[in-house]
1. Using the alpha carbons of the chain, what is the convex hull volume per residue in cubic angstrom, as a whole number?
2. Could you list the chymotrypsin sites (Phe, Trp or Tyr not before Pro) in segment 6-48 that lie in coil according to DSSP, counting only those with at most 15 other Cβ atoms within 10 Å of their Cβ?
3. Note the full-extension length gain between Asn39 and Tyr13 as 0.36 nm times their separation in residues minus their Cα-Cα distance, in nm to one decimal.
4. Between Val62 and Ile49, what is 0.36 nm times their sequence separation minus the Cα-Cα distance? Round to one decimal in nm.
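Here, each number is a calculation from the coordinates, and none is a lab measurement. Worth saying up front: this structure is predicted, and the values here are computed from it rather than measured. Cβ atoms come from the backbone with ideal geometry, glycine included; neighbour counts cover every protein chain shown.
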Amino acid sequence: MILLIYLFKILNYKYIISDYDMMINLLNTPIASNINGFNKDFQFYSEGIYNRNCDINLNHIVLIVGYGHD
């Protein structure tokens, strides 16, 4: 048996299309995003800012909590 407990409810969402939009939105709240987690670069990532090319195979969700500095 699987028991799911929902702790949060999504009230709204918006698409962030620029770096500026991301910076402004991160002032108020973390941002959920999706990435390709099967990429070798991501699998061996260990610290710092993950900054790689985008991929169309999106299969992992990450939480963005800051912008610009490690």
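1. Details: hull volume 10.8 nm³, N = 70.
Expressed per residue, the convex hull around the Cα atoms of the chain is 154 Å³.
2. Working: sites: Tyr6, Phe8, Tyr13, Tyr15, Tyr20, Phe38, Phe42, Phe44, Tyr45; in loops: Tyr6, Phe8, Tyr13, Tyr15, Phe38, Phe44, Tyr45.
Here the chymotrypsin sites (Phe, Trp or Tyr not before Pro) that fit, given the DSSP loop and packing criteria, are Tyr6, Phe8, Tyr13, Tyr15, Phe38, Phe44, Tyr45.
3. 6.7 nm
4. Working: separation 13, 0.36 × 13 = 4.68 nm, distance 1.27 nm.
Additional length available on full extension: 3.4 nm.
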